[in-house]
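What follows is a short report on a single structure.
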Amino acid sequence: MKGNGTKMKLYTLNDYINELQKESLIEEVALNELSNSTIISSIAHNSKNVVSNTLYICKGIKYKAEYLEEAIKNGANVYIAERENVSKPDFPHIVVNDIRKSLAVISTLFYDYPATKLNMIGITGTKGKSTTAYYIKSILDNYMKSKNLPDTAIVSSIDTYDGKTCKESLITSPESIDLQEHIFNAVECNMKNLVMEVSSQALKLDRVYDIMYKVGVFLNISEDHISTIEHPDFEDYFASKLKFFNQVETACVNLDSDYIDRIIENAHKSKNIITFSSKNSKADVYAYGIQKTSHTSITFKVKTPEFENEILLTMPGLFNVENALAAISVAITLGVPYENIYEGLKVARASGRMEAHSSKDGSIIVIVDYAHNKLSFEKLYESTKQEYPDKKIVTVFGCPGGKAQLRRRDLGRLAGIHSNISYLTAEDPGPEETLDICKEIAEHIKEENGKYRIVEDRGNAIKQAILENPNSVILITGKGNETRQKYGTQYLPCLTDTQYVEEALKEYDKK
């Protein structure tokens, strides 16, 4: 149930029918004795959240007829379903041909089109979405503060903040009903901007259907999320990402991405295009003179249509220049001055992304990062070798269970090539056994003649990697500062990677 008790405009059942008809989603309307002028005071797709006067949406791969029974018992007065899920034909219902699009349309109306009332900023790509989102938020927060206006809402794979709630995220892009509530909350809190990651699944499964983004960023593309429950192949993954441009006013595109010709071709579906690059000087936003100036600082010059000046980043990782350029492109589109861009990027942080720690003697550098796919591993190793050429590389990682199976091959091979030794451990094993996943990764490490150890407990894996490898850069990847580990269908509490690192470094420093 969403919106119950919230002061908001309430629509009639007829209003919902009209919206669904506009999208050609309705196959049949069977209201029986229920009037179409009935006020809908709540919507839900979880039967446990249904209250009186709820419009219940029968949705989900694991949907069961007993859910509808429970929803009716709890107070639903009408339900919406695809034909095969009409298990109560005598109860008021609406038959639709696409339940996911219908849920998005219903949610958008219920919350009174909140995305039209602020600047929606979306970011898609295989790598860098979270960091870019927080770079943009930091810039906009600085700008809004200078005008005594509220800060910026964010919906990311790290956490979600909408002015009313702030919580750790479990998925990158939430279901449409939850997303519309977050946007509504931001509007209620007088926020002017909301920045969000837009995943391939959100695009494929219509979670962001009917949202028009004021600015949209396309960062990059590489093979990922290929599995029986996500994308069957790369083409399906790429095509899902490209759908993004259908709902973007100004597209900010990375000219350094693979498949750039196809990306630019699709970007023309947007009204405007801004390009950014650190390699192509013809880009609208171009970085040059990139230098690592300290253990955690990077400077570069940026040339834009509005200014040409210096930028300072205080997060490690040379690849973060790409994310900063994306953020700058968004900022100039929204009319943010250079001063706010500079100050925002100077202090920008993304929890669990390129967090640097070191032992007191400087022998060990530990990087905590969310890198979890082929492209992010490639960039991480490339940057690490450039920034720490005299140190060995040690990687601590795993792969999730039940999805993205190709990562086990790709990450295993990359670790085998670039890492002196890898510690394989738990990373949300879900329905699979941690040991089985690690053994599968290990086979691919061995293909590249790499060394590895399997330490199933993540805390112990991090501890051993740090204590056993002096004069090394220890890369802790995949979980960042997440506080839960998925085993089976449960999310069990755990320490963050940063906390594990801090404990291990304390022990190392006592030696």
>> Once each part is reduced to its C-alpha centroid, what is the distance from segment 297-363 to segment 472-506 in angstrom?
In response: 25 Å
> Just for segment 162-308, what percent of DSSP beta bridges are antiparallel, to the closest 5?
Replying inline: 30 percent
> Can you pick out the pairs among Lys346/Lys379; Lys101/Lys374; Lys391/Lys446 whose Cα atoms lie more than 28 Å from each other?
Replying inline: Lys101/Lys374
>> Going through the cross-link list Lys479/Lys506; Lys48/Lys73; Lys137/Lys214; Lys129/Lys479; Lys241/Lys269, which pairs have a Cα-Cα distance over 18 Å in this structure?
In response: Lys479/Lys506
>> Quick check for you: which residues of segment 83-112 have the amide N under 17 Å from the point 7 Å beyond the Cα of Ile39 toward its beta carbon?
In response: 110-112
> Over segment 13-110, what lengths in whole Å, largest first, do the semi-axes of the equivalent ellipsoid take, defined as the square roots of 5 times the eigenvalues of the alpha-carbon gyration tensor?
Replying inline: 17, 15, 13
> Helix 374-387 sits at what angle to the longest principal axis of the chain, using alpha carbons and giving 0 to 90 degrees rounded to 10?
Replying inline: 30 degrees
> When the Karplus curve 6.51 cos²θ - 1.76 cosθ + 1.60 is applied with θ = phi - 60°, which whole-Hz ³J(HN,Hα) does each residue of segment 426-432 get, with x for Gly and Pro?
Replying inline: 6, 8, 6, x, x, x, 10
> Where Lys and Arg each count +1 and Asp and Glu each count -1, what net charge lies around Cys252 among other residues with Cβ under 15 Å from its Cβ?
Replying inline: -1
> Taking R0 as 35 Å, what's the FRET efficiency between Glu507 and Ile417 from their Cβ-Cβ distance, rounded to 0.05?
Replying inline: 0.70
>> Using a Förster radius of 25 Å, what is the FRET efficiency between Gln291 and Lys360 based on their Cβ-Cβ separation? Nearest 0.05, please.
In response: 0.40
>> Run through segment 22-78 and list the GluC sites (Glu not before Pro) located in a DSSP loop whose Cβ has at most 16 other Cβ atoms within 10 Å.
In response: Glu23, Glu33
> Can you give the angle from 0 to 90° between the axis of helix 497-509 and the longest principal axis of the chain, with both taken from C-alpha atoms, to the nearest 10?
Replying inline: 20 degrees
> If Lys and Arg each add +1 and Asp and Glu each add -1, what is the summed charge of the other residues whose beta carbon sits under 12 Å from the beta carbon of Asn469?
Replying inline: +4
> Which whole-Hz ³J(HN,Hα) couplings does segment 91-99 yield from phi under the Karplus relation 6.51 cos²θ - 1.76 cosθ + 1.60, θ = phi - 60°, glycine and proline marked x?
Replying inline: 8, x, 7, 10, 9, 10, 9, 8, 6
>> How charged is the neighbourhood of Met315? Take every other residue with its Cβ under 13 Å from the Cβ of Met315, and add Lys/Arg as +1 and Asp/Glu as -1.
In response: 0
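Bear in mind that the values in this text are calculations on the coordinates, not laboratory data. Not measured: the values here are computed from a predicted model. Note that we place each Cβ from the backbone using ideal geometry, even for glycine, and neighbour counts take in every protein chain shown.
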